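Engineer: Got a structure for you, questions after.
The values are calculated or read from the model by the stated rules, or taken from the named source; none is laboratory data. Given the structure is predicted, the values throughout are model-derived calculations rather than measurements. No Cβ is skipped: glycine too gets one built from the backbone with ideal geometry, and neighbour counts run over all protein chains shown.
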Amino acid sequence: MKEYFGASSGVYVQTKGKRFLLMPAIERYLPKASAVGARLLDVGCGSGDFCTLAEPKGYRYVGFDVSADMVARARESHPSGECVVGDARTMSTTFQDPFDALIVSMLLPALGERADMQSVLLQCRGLMRPDSTLLVAVTHPSFDHYMQNFLFDRTDVRTTFKGYYASGQRFEIDQKMHNEIFTFEDYHWTLTDYVEAITKADLTIAAIDECPPDERSLTPTDHPWAQNRHNFPTYMLFVLRKR
């Protein structure tokens with residue numbers, strides 16, 4: 001996750017995929033706040049973009065990220081929210097009161113150990129009310145960049161391909177942002193890996209969304225890009241509840 005620290009953190013911007021595929025899915029499944037003062041915790045908040053989804057639905061936004069550089073960006077961009085630096089695997093040392101909704105977006109694919117995924121989900125469960133919603137977004141396991149390296153011969157992806165079931169395989173992908181190269185470092189986990197981690201955290205899956213393009217938010221110039229995203233899914237969103 002080194003790309004989210006130091007100078008790289010200032011280069012990062014939301015990709016089209018996150019803006020037109022992932023954020024609309026999260027907005028679909030994020031319920032309206034049921035009470036005044038309801039709080040939403042954005043785990044691995046980055047630059048705090050989900051604040052723009054949380055506040056219109058009546059939540060007080062709380063962002064949480066291990067990178068002080070990204071938290072500084074989030075505080076500057078979304079001063080109405082609260083943003084805190086910390087490790088998602090030990091969130092209970094920072095927060096004691098439960099949240100009404102939680103978002104964990106693109107954090108699990110950045111973790112190279114099953115135990116770390118388990119820790120994050122268990123920490124989230126401990127911060128949920130009985131009726132809280134936990135939204136967990138990941139790159140689609142069948143079509144993440146590790147798989148695209150094999151399926152589509154992606155030359156911008158660096159990895160040693162060992163097959164879909166080779167859980168925990170590390171890969172890197174370069175993306176151009178503001179005329180600079182931003183390097184993502186992630187890990188390949190199967191759908192089984194994610195479901196097992198969810199089950200072991202004593203959470204239940206209420207719904208799954210594979211994040212199709214949201215035609216309403218597209219401009220005419222974005223349609224060719226979106227058409228390609230109709231051919232294969234980019235993200236997967238798990239809607240989770242406490243058992």
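Engineer: Can you work out which of the residues in the stretch 82-104 that are among the hydrophobic types (A, V, I, L, M, F, W, C) and assigned to a strand (DSSP E or B) is nearest to Gly44 (Cα to Cα)?
Structural biologist: Narrowing the stretch 82-104 to residues among the hydrophobic types (A, V, I, L, M, F, W, C): 83-85, 88, 91, 95, 99, 101-104.
Narrowing further to those that are assigned to a strand (DSSP E or B): 83-85, 99, 101-104.
On the way: Cys83: 10, Val84: 10, Val85: 10, Phe99: 15, Ala101: 14, Leu102: 11, Ile103: 9, Val104: 6 Å.
Restricting to residues being among the hydrophobic types (A, V, I, L, M, F, W, C) and assigned to a strand (DSSP E or B), the top hit is Val104.
Engineer: If you don't mind, there's one more thing I want to ask. Does Val104 meet the test of being in contact with a Gly (Cβ under 7 Å, 6 or more places away or on another chain), in contact (Cβ under 8 Å) with a residue 24 or more places away in the chain and closer than 21 Å to Tyr59 by Cβ?
Structural biologist: For Val104, the condition - in contact with a Gly (Cβ under 7 Å, 6 or more places away or on another chain), in contact (Cβ under 8 Å) with a residue 24 or more places away in the chain and closer than 21 Å to Tyr59 by Cβ - is met.
Engineer: Where residues in the stretch 48-67 are farther than 13 Å from Ile103 by Cα and either modelled with pLDDT under 95 or assigned to a loop (DSSP other than H, G, I, E, B) (or both), which of them is farthest from the chain's Cα centre (by Cα)?
Structural biologist: My answer is Gly58.
Engineer: While we're on this one: Which pairs turn up if I take residues in the stretch 176-188 that are in contact (Cβ under 8 Å) with a residue 12 or more places away in the chain and look for partners that are surrounded by fewer than 14 Cβ atoms within 10 Å (Cβ to Cβ) and not in a loop (DSSP other than H, G, I, E, B) with beta carbon separation below 6 Å, at least 6 apart in sequence or on another chain?
Structural biologist: These pairs meet every condition: Thr183/Asp174; Tyr187/Arg170.
Engineer: Moving to a separate point now. For the list (1) out of contact with any helix residue (DSSP H, G or I) (no Cβ under 7 Å at 6 or more places or on another chain); (2) acidic (Asp, Glu); (3) under 30 Å from Pro212 (Cβ atoms), I need the number of the one condition that Asp116 fails.
Structural biologist: (1)
Engineer: Working carefully through the options Arg73, Arg60, Arg19, find the one that is in contact with a helix residue (DSSP H, G or I) (Cβ under 7 Å, 6 or more places away or on another chain) and among the basic types (Lys, Arg).
Structural biologist: Arg73 is the lone residue from the list that is in contact with a helix residue (DSSP H, G or I) (Cβ under 7 Å, 6 or more places away or on another chain) and among the basic types (Lys, Arg).
Engineer: Also: Considering Pro141, Pro109, which residue is in contact with a helix residue (DSSP H, G or I) (Cβ under 7 Å, 6 or more places away or on another chain) and within 26 Å of Pro212 (Cβ to Cβ)?
Structural biologist: Going through Pro141, Pro109 in turn, just one is in contact with a helix residue (DSSP H, G or I) (Cβ under 7 Å, 6 or more places away or on another chain) and within 26 Å of Pro212 (Cβ to Cβ): Pro141.
Engineer: So for the stretch 164-178 (the condition being closer than 22 Å to Phe50 by Cβ and in a loop (DSSP other than H, G, I, E, B)), does at least one residue qualify?
Structural biologist: Initial filter on the stretch 164-178 (closer than 22 Å to Phe50 by Cβ): 175, 177-178.
Going one step further and asking which of them are in a loop (DSSP other than H, G, I, E, B), we end up with 178.
Scanning the stretch 164-178 turns up at least one residue that is closer than 22 Å to Phe50 by Cβ and in a loop (DSSP other than H, G, I, E, B).
Engineer: So, one more: Quick check on Thr155: is it free of Cβ contacts under 8 Å to residues at least 12 places away in the same chain, closer than 29 Å to Asp131 by Cβ and not basic (Lys, Arg)?
Structural biologist: no
Engineer: Just need a number here: residues in the stretch 173-189 that are at pLDDT 95 or above and surrounded by fewer than 16 Cβ atoms within 10 Å (Cβ to Cβ).
Structural biologist: 0
Engineer: Okay, next question. Filter the stretch 24-68 down to residues that are surrounded by fewer than 19 Cβ atoms within 10 Å (Cβ to Cβ) and among the acidic types (Asp, Glu) and give me whichever is farthest from Leu237 (Cα to Cα).
Structural biologist: Glu55
Engineer: Can you name the residue in the stretch 105-128 that is within 19 Å of Gly46 (Cβ to Cβ) and in contact with an Asp or Glu (Cβ under 7 Å, 6 or more places away or on another chain) and is also surrounded by the most Cβ atoms within 10 Å (Cβ to Cβ) among such residues?
Structural biologist: Pro109
Engineer: Can you tell me which residue is nearest to Pro109 (Cα to Cα) among those in the stretch 124-148 that are aliphatic (A, V, I, L, M) and within 13 Å of the chain's Cα centre (by Cα)? Before you say what the answer is, go through the steps one by one.
Structural biologist: So the first thing to find is which residues in the stretch 124-148 are aliphatic (A, V, I, L, M), and the list is 127-128, 134-138, 147.
Subset that is within 13 Å of the chain's Cα centre (by Cα): 134-138.
Working: Leu134: 17, Leu135: 15, Val136: 11, Ala137: 9, Val138: 6 Å.
Top of the filtered list is Val138.
Engineer: Of the conditions (1) under 21 Å from Ile26 (Cα atoms); (2) aromatic (Phe, Trp, Tyr); (3) in contact with a Phe, Trp or Tyr (Cβ under 7 Å, 6 or more places away or on another chain), Phe182 clears all except one; give me its number.
Structural biologist: (1)
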